[in-house]
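Working notes, beginning with the structure itself.
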Amino acid sequence: MITLKEINKSYKMRHVLDGLNLEINARESIAIQGRSGSGKTTLINILAGLMTNYNGEYLFENEVMNNMSDSRRARFRCEEIGIITQHFDLLEDRNVKANIALGLSHLKIGRNEKNEKIRKMLDYMGLAGYDKKRISELSGGEKQRVAIARALIKDPKIIIADEPTGALDEETRDQILNLFKKMIIDGTQFVIVTHDEEVAKICAKVYHLKKGVLNSIR
């Protein structure tokens, strides 16, 4: 599904990624670990199509990302990639339904179909009846479930999660972890950046990023 070939990226005089290579098969979830400043954020920005000024080649389902037009790359981000962050990135002044609906903003579908998709997603996330709640009323775990729902509702080919449990307490982390396990069983594919060994364990493969080089550790 994804192939990175000899990816190099520098910021001024600092070399962040050094000839990095990676292959991710379809339906194969992976975890990426590494110390702060090791280049994890740069790597996931490349995978998400948010960064293009690097050397090397990125293929997504045999399509070369480097050769995509701006409009094709924007469509790629809207339709084929879901993103989950540590701090949720939700709109606090809107309710749960409106936040999840953002994941459908690129689709030309009717109101009834959109509402039905959101209802099913709320049920799947264990958030039935939460549609009219404001984000400011939710716990951290509930906010992360809304963020996951927003990413998943567009049925992306892969979800990139950047420290998705980093802002959660242990009990809530375990709840989100169980949700991720269910999602993987149901066919969701993840690239997860995490310091948490328990999160990494749910993935088929685990990589460590150090000095710009990615090495498989499981």
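Coordinate-derived values only; no laboratory data. None of these values were measured; they are calculated from a predicted model. Methodologically, a virtual Cβ is constructed for each residue, glycine included, from the backbone with ideal geometry; neighbour enumeration extends over all protein chains shown.
Could you order the peptides 92-101, 107-116, 69-78 from most to least packed, using the average number of other C-beta atoms within 10 Å per residue?
Numbers: 92-101: 18.4, 107-116: 10.7, 69-78: 12.5.
Most protected by this proxy first, the peptides run 92-101, 69-78, 107-116.
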Interatomic Cα distance distribution for the chain, bins of 5 angstrom, percent: 1, 7, 15, 18, 19, 16, 12, 7, 3, 1, 0
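Report, in deg cm²/dmol and to the nearest 500, the calculated mean residue ellipticity at 222 nm for the chain, where each DSSP H run with n ≥ 4 adds -39500 (n - 2.57) and the sum is divided by the residue count. Before the final figure, lay out each step's value.
On the way: 7 runs with 71 residues, N = 218.
For the chain, the value works out to -9500 deg cm²/dmol.
Work out, step by step, the length gained on full extension between residue 63 and residue 91: first 0.36 nm times the residue separation, then minus their alpha carbon distance; give nm to one decimal. Walk me through the numbers on the way to the answer.
On the way: separation 28, 0.36 × 28 = 10.08 nm, distance 3.31 nm.
Extra length from residue 63 to residue 91 when fully extended: 6.8 nm.
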Of the cross-linked pairs 9/181; 12/205; 9/201; 5/181; 120/205; 40/201, which ones have a Cα-Cα span greater than 22 Å in the structure shown? 9/181; 12/205; 9/201; 5/181; 120/205
Viscosity 0.692 mPa s, 37 °C: Kirkwood-radius Stokes-Einstein D of the range 89-155 over Cα pairs, µm²/s: 283
hull vol. (C-alpha, convex hull) per residue for the range 147-208, Å³ -> 84
